[in-house]
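Colleague: What follows is a single structure, and I will ask about it in a moment.
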Amino acid sequence: MKLNLKNPLIFFDLETTGINIASDRIVEISYLKIYPDHREEVKTFRVNPGRHIPPEVSVIHGITDDDVKDAPKFNEIAQMLANSFEGCDFAGFNANKFDLPLLAEEFLRANVDFDLKKRKHIDVMVVFYKKEQRTLSAAYQFYCNKDLTNAHSAEADTRATYEVLQAQLDMYPDLQNDVDQLSEYSAHSRAVDFMGRIVYNDKDEEIFNFGKYKGQKVISVLAKDPSYYSWMMNGDFPLYTKNVLTAIKLRDFNKK
């Protein structure tokens with residue numbers, strides 16, 4: 001089934017130096033841009049992460065330090081990517097929990113103003129897990145009846161994810177062919193930041209979703225325990241989470 005699109009939809013996948021959102025870096029980004037008229041545009045970029053790629057990670061995606069030593073750093077391609085992504089929605093496999101927050105961190109580090117939170121996000125893995133409970137390779141076999149060769153190649157995984165979503169729309173009549181609806185269906189939670197450290201409660205108030213203050217309103221915690229803000233700002237939290245926390249703090253301060 002062809003996707004019903006209002007905006008271009010970016011299917012993307014990252015290969016990285018590791019799985020820590022706050023400290024790891026991109027070594028490859030591939031995206032497949034689907035236009036509302038179903039034209040396709042594919043781009044893949046190797047990225048110099050400015051740090052060593054651990055051998056155990058290279059074994060997974062096949063990219064070594066030598067492969068990216070002459071590649072541009074992310075801040076050298078960030079504005080070009082932001083321009084390409086302008087006005088687009090996003091889709092990926094496990095993107096809401098990993099690829100999107102890590103990409104957001106890279107844009108912040110590059111000082112490029114591109115807020116991914118303002119776009120719709122479809123996580124094909126969440127649709128799959130809610131329907132079948134498998135991995136991308138299994139999803140590709142199940143939905144498309146094909147073997148996923150070159151798994152953990154960003155471009156192969158990106159195209160496979162696109163094909164899986166199309167097949168999901170064919171298989172499940174209750175899935176609406178609408179980016180807004182698919183984004184809502186594939187969301188893990190009503191997260192304020194990408195990592196879900198801060199979420200909305202049923203009154204649309206920001207609450208902490210971790211730690212000793214889990215379930216409590218952010219503004220209430222900051223009022224009774226101001227040191228908690230400093231602890232988070234100095235801790236190993238993603239830049240996006242810190243920016244969200246600061247925005248809430250400043251918004252509350254400006255109301256007084």
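Colleague: Does at least one position in region 125-140 carry a residue that is closer than 30 Å to P72 by Cα, free of Cβ contacts under 8 Å to residues at least 40 places away in the same chain and not in a helix (DSSP H, G or I)?
Modeller: No, region 125-140 has no match at all.
Colleague: Here's a follow-up. Can you tell me which residues in region 1-45 are of a type in the set (K, R), touching a residue at least 40 places away in the same chain (Cβ under 8 Å) and either touching a Gly at 6+ places or on another chain (Cβ under 6 Å) or within 18 Å of A160 (Cα to Cα) (or both)?
Modeller: Correct list: K2, K33, K43.
Colleague: Could you tell me which residue of region 141-155 is surrounded by the most Cβ atoms within 10 Å (Cβ to Cβ), considering only residues that are out of contact with any Ser or Thr (no Cβ under 7 Å at 6 or more places or on another chain), in a helix (DSSP H, G or I) and not hydroxyl-bearing (S, T, Y)?
Modeller: First, pick out the residues of region 141-155 that are out of contact with any Ser or Thr (no Cβ under 7 Å at 6 or more places or on another chain): 141-147, 149-150, 152-153.
Cutting the leftovers down to in a helix (DSSP H, G or I) gives us 141-144.
Filter once more, keeping what is not hydroxyl-bearing (S, T, Y): 141-142, 144.
Numbers: Q141: 14, F142: 17, C144: 14.
Of everything passing the filter in region 141-155, F142 is surrounded by the most Cβ atoms within 10 Å (Cβ to Cβ).
Colleague: Separate question: Mind checking which residues of region 153-189 are in contact with a Leu (Cβ under 9 Å, 6 or more places away or on another chain), in contact (Cβ under 8 Å) with a residue 24 or more places away in the chain and of a type in the set (G, A, S)?
Modeller: Answer for region 153-189, where residues must be in contact with a Leu (Cβ under 9 Å, 6 or more places away or on another chain), in contact (Cβ under 8 Å) with a residue 24 or more places away in the chain and of a type in the set (G, A, S): A154, A160.
Colleague: If you don't mind, there's one more thing I want to ask. What are the pairs with Cβ atoms under 8 angstrom where one residue, in region 51-62, is in contact (Cβ under 8 Å) with a residue 40 or more places away in the chain and closer than 13 Å to R25 by Cα and the other, located anywhere, is of a type in the set (S, T, N, Q) and part of a loop (DSSP other than H, G, I, E, B)? Sequence gap at least six, or different chains.
Modeller: V57/T17
Colleague: Output yes when any residue across region 232-244 is within 22 Å of the chain's Cα centre (by Cα), at pLDDT 90 or above, among the small types (G, A, S) and not in a loop (DSSP other than H, G, I, E, B), and no when none is.
Modeller: No, there is no match, as no residue in region 232-244 is within 22 Å of the chain's Cα centre (by Cα), at pLDDT 90 or above, among the small types (G, A, S) and not in a loop (DSSP other than H, G, I, E, B).
Colleague: Here is a further query. For region 7-24, check the following and say yes or no: at least one residue is within 16 Å of D89 (Cα to Cα), charged (D, E, K, R) and either in the same structural domain as Q176 (by TED's automatic domain parsing) or in a loop (DSSP other than H, G, I, E, B) (or both).
Modeller: The answer is yes; a qualifying residue exists.
Colleague: Could you tell me whether region 17-28 includes any residue that is among the hydroxyl-bearing types (S, T, Y), surrounded by 18 or more Cβ atoms within 10 Å (Cβ to Cβ) and under 14 Å from the mean Cα position of the chain (by Cα)? Give the steps one after another, and end with the answer.
Modeller: The initial filter retains those residues of region 17-28 that are among the hydroxyl-bearing types (S, T, Y), namely 17, 23.
With surrounded by 18 or more Cβ atoms within 10 Å (Cβ to Cβ) added as a condition, the list becomes 17.
Of the ones still in play, those that are also under 14 Å from the mean Cα position of the chain (by Cα) are none.
Looking through region 17-28, none of the residues is among the hydroxyl-bearing types (S, T, Y), surrounded by 18 or more Cβ atoms within 10 Å (Cβ to Cβ) and under 14 Å from the mean Cα position of the chain (by Cα).
Colleague: Only one of D65, D70 is in the same structural domain as H152 (by TED's automatic domain parsing), touching a His at 6+ places or on another chain (Cβ under 7 Å) and free of Cβ contacts under 8 Å to residues at least 40 places away in the same chain; which?
Modeller: Answer to the selection: D65.
Colleague: Specify the residue that is surrounded by the most Cβ atoms within 10 Å (Cβ to Cβ); the eligible residues are those in region 193-222 that are assigned to a helix (DSSP H, G or I) and in contact with a helix residue (DSSP H, G or I) (Cβ under 8 Å, 6 or more places away or on another chain).
Modeller: V218
Colleague: Okay, moving on. What is the residue count in region 101-115 for residues that are assigned to a helix (DSSP H, G or I) and surrounded by fewer than 20 Cβ atoms within 10 Å (Cβ to Cβ)?
Modeller: 2
The values are calculated or read from the model by the stated rules, or taken from the named source; none is laboratory data. All of these numbers come straight from a predicted model, not from anything done at the bench. Every residue, glycine as well, gets a Cβ built from its backbone with ideal geometry; the counts of neighbours run over all protein chains shown.
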